[in-house]
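K.L.:
Can you keep this structure in mind? I'll have questions shortly.
The values are calculated or read from the model by the stated rules, or taken from the named source; none is laboratory data. Computed from a predicted structure; not experimentally measured. Methodologically, a virtual Cβ is constructed for each residue, glycine included, from the backbone with ideal geometry; neighbour enumeration extends over all protein chains shown.
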Amino acid sequence: MKINLTVVAAGLAFLAAAPAGATGLHTCDSGPRDGWKTQEQLKKTLTDQGWKVRRIKEDRGCWEVYAINPSGKRVEAYFHPVTLKNVFTSTR
């Protein structure tokens, strides 16, 4: 069975790019860090709204949150660190 080299190369390129999509789902133009609200402020805001926050970290200028939302769904959400506005949410 002869395999077309182009098909193999395209398949490998696709597989190599797949893990990169697992993080960095959004970016924020957030400015200097001294204007950011803290992770603790974001956690309190979300907890007050009924979220169960598992983890918060900085990713590409956004606060990236892993949590259970008020509907009970596991989510990965991105929040602008200055406004704490939700800029992207993905259910898992």
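K.L.:
For the list (1) at pLDDT below 90; (2) closer than 27 Å to LEU84 by Cβ, I need the number of the one condition that ASN4 fails.
P.N.:
Failing condition for ASN4: (2).
K.L.:
Among the residues of the stretch 61-85, which ones are under 20 Å from GLY35 (Cα atoms) and loosely packed, with under 14 Cβ neighbours inside 10 Å?
P.N.:
Of all residues in the stretch 61-85, those under 20 Å from GLY35 (Cα atoms) come to 61-65, 78-85.
THR83, LYS85 - these are the residues of the stretch 61-85 that are under 20 Å from GLY35 (Cα atoms) and loosely packed, with under 14 Cβ neighbours inside 10 Å.
K.L.:
In the stretch 51-82, how many residues are part of a loop (DSSP other than H, G, I, E, B) and in contact (Cβ under 8 Å) with a residue 12 or more places away in the chain?
P.N.:
The initial filter retains those residues of the stretch 51-82 that are part of a loop (DSSP other than H, G, I, E, B), namely 51, 60-61, 69-73, 80-82.
Those left that are additionally in contact (Cβ under 8 Å) with a residue 12 or more places away in the chain: 51, 60-61, 69-70, 73, 80-82.
Final tally of qualifying residues: 9.
K.L.:
Another question, then. Considering only residues that are closer than 10 Å to LEU46 by Cβ and not small (Gly, Ala, Ser), look in the stretch 69-79 and name the one that is farthest from the chain's Cα centre (by Cα).
P.N.:
Restricting attention to the stretch 69-79, the residues satisfying the condition of being closer than 10 Å to LEU46 by Cβ are 69-70, 77, 79.
If we keep only those that are not small (Gly, Ala, Ser) as well, we get 69-70, 79.
Numbers: ASN69: 14, PRO70: 18, PHE79: 9 Å.
The residue in question is PRO70.
K.L.:
Output the residues belonging to the stretch 39-92 that are of a type in the set (Val, Ile, Thr) and at pLDDT below 95. Before the answer, list the steps.
P.N.:
Step one: filter the stretch 39-92 for residues of a type in the set (Val, Ile, Thr), giving 45, 47, 53, 56, 65, 68, 75, 82-83, 87, 89, 91.
THR89, THR91, listed by residue number.
K.L.:
Which pairs do you get when a residue that is closer than 23 Å to ALA67 by Cβ and loosely packed, with under 12 Cβ neighbours inside 10 Å, found in the stretch 18-39, comes within reach of a residue that is aromatic (Phe, Trp, Tyr) and modelled with pLDDT of 95 or more, reach meaning Cβ atoms under 8 angstrom, with the pair 6+ apart or on two chains?
P.N.:
Once the first residue is closer than 23 Å to ALA67 by Cβ and loosely packed, with under 12 Cβ neighbours inside 10 Å and sits in the stretch 18-39, no partner that is aromatic (Phe, Trp, Tyr) and modelled with pLDDT of 95 or more comes close enough.
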